[in-house]
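Working notes, structure below.
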Amino acid sequence: MNSPLDNLINYISRLPGLGKRSARRMALHLLKNREKLMVPLANSILETAEKIQTCESCGNYDMTSPCNICSNLKRDHSTILVVEDVSDLWAIEKGGIYSGIYHILGGVLSAIDGVSPDKLNIKSLFDRVIAGDVKEVILATNATMEGQTTAHYLSQKLQDLGTKTTRLAQGIPLGGELEYLDEGTLLTALNSRTDI
């Protein structure tokens, strides 16, 4: 039977980017700071597990469902930005550059990993488009092979529904230097060039 410390190390090591060695260091740090860090962290984890819900409309995490973004009448509900994960939504919201609503897929299509359309939050996107006054769906999947495949699949289905579908521009980042870019990024930038 494992000790509580072994169990803690085991659970910490399951977090993304952490192995057993990092998990041991974290567990020891928590033990050395029980009152200041460990107990408040444990309480915060329990409170989050009890109070945070998944939004029934978009898939975001919030204390209410629909979430604060979906229920905000000041946002543009005619535009849906489709992202892979909640972290993508947070990144866009942090910039304060988008005023529409979102749809979170919960991943990308991947034949190798066995992720088919029915395993993602795709049907509800189509349901939202069919039911609402959606004028545009912006696809913001990552520029990976799986992200591109997912965007292509979605664009075909959305066009069949008669919905304007766009994709975020891809290519050379602001401040990027050509000599440091990979061939795929350069090719995408070249193919996505616009008039000036």
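The values are calculated or read from the model by the stated rules, or taken from the named source; none is laboratory data. Keep in mind the model is a prediction, meaning the values are calculated, not measured. A quick note on method: Cβ atoms are made from the backbone with ideal geometry, for glycine too, and the neighbour counts reach across all protein chains shown. Remember, those area values only see protein heavy atoms, side chains included, never the ligands or the DNA or RNA. Shrake-Rupley method; radii C 1.70, N 1.55, O 1.52, S 1.80 Å.
I'd like the orientation of helix 4-13 relative to the chain: the angle between its Cα long axis and the longest Cα principal axis, in ° from 0 to 90, rounded to 10.
Computed tilt is about 20 degrees.
Once the piece of chain linking Glu93 and Glu136 is laid out straight, how much longer is it, given 0.36 nm per residue of separation minus the C-alpha distance between them? All intermediate terms of the calculation are to be shown ahead of the outcome.
On the way: separation 43, 0.36 × 43 = 15.48 nm, distance 1.86 nm.
Residue separation times 0.36 nm, minus the Cα-Cα distance, leaves 13.6 nm.
List the GluC sites (Glu not before Pro) within segment 130-194 that fall in a DSSP loop (any state other than H, G, I, E or B) and whose Cβ has at most 15 other Cβ atoms within 10 Å. Could you put the intermediate results ahead of the total?
Values: sites: Glu136, Glu146, Glu177, Glu179, Glu183; in loops: Glu177.
Here the sparse-neighbourhood loop sites are Glu177.
Could you give the angle, 0 to 90 degrees to the nearest 10, between helix 145-160's Cα long axis and the longest principal axis of the Cα atoms of the chain?
Its long axis makes an angle of about 50 degrees.
Ignoring ligands, DNA and RNA, what accessible area per residue does segment 1-153 give at 1.4 Å, in Å²? Could the numbers behind the result be given before it?
On the way: 9790 Å² over 153 residues.
Counting only protein heavy atoms, the per-residue value for segment 1-153 is 64 Å².
State the three equivalent ellipsoid semi-axes of segment 102-196, derived from the C-alpha gyration tensor as the square roots of 5 times its eigenvalues, in descending order and whole Å. Working shown, then result.
Details: eigenvalues 151, 63, 20 Å².
That gives 27, 18, 10 Å for the three semi-axes.
Lys pairs in the chain, Cα-Cα under 17 Å, at least 8 apart or on separate chains: how many?
On the way: Lys74/Lys135; Lys119/Lys157; Lys123/Lys157; Lys135/Lys157; Lys135/Lys164.
Lysine pairs, 8 or more places apart or on different chains, close enough: 5.
Given the -39500 (n - 2.57) contribution per DSSP H run of 4+ residues, what per-residue ellipticity at 222 nm results for the chain, rounded to the nearest 500 deg cm²/dmol? Provide the component values of the computation, followed by the final result.
Numbers: 7 runs with 80 residues, N = 196.
Calculated at 222 nm, the ellipticity per residue is -12500 deg cm²/dmol.
May I ask you to list the trypsin sites (Lys or Arg not before Pro) in segment 16-122 that are in a DSSP loop and have at most 10 other Cβ atoms within 10 Å of their Cβ?
Passing sites in segment 16-122 are Lys74.
Could you derive backbone 3J(HN,Hα) for segment 178-189 from the dihedral phi with the Karplus parameters 6.51, -1.76 and 1.60 (θ = phi - 60°), listing whole Hz in sequence and x where the residue is Gly or Pro?
4, 5, 9, 8, 7, 4, x, 5, 5, 5, 4, 5
Please compute the Kirkwood hydrodynamic radius of segment 1-154 from all pairs of different C-alpha atoms, in Å with one decimal.
Final number for the Kirkwood radius of segment 1-154 is 18.1 Å.
Once you place label points 7 Å from the Cα toward the Cβ at Thr64 and Asn121, how far apart are they in nm?
Inter-label distance under the simple model: 1.8 nm.
Computing the accessible area with a 1.4 Å probe over protein heavy atoms, can you report the carbon and sulfur percentage for segment 63-196?
Values: 4690 of 8450 Å².
The computed percentage sits at 55.
Counting other Cβ atoms within 10 Å of each Cβ, which GluC sites (Glu not before Pro) in segment 1-83 have at most 14 and sit in a DSSP loop?
Working: sites: Glu35, Glu47, Glu50, Glu56; in loops: Glu56.
Of the GluC sites (Glu not before Pro), the ones in loops of segment 1-83 whose Cβ has at most 14 other Cβ atoms within 10 Å are Glu56.
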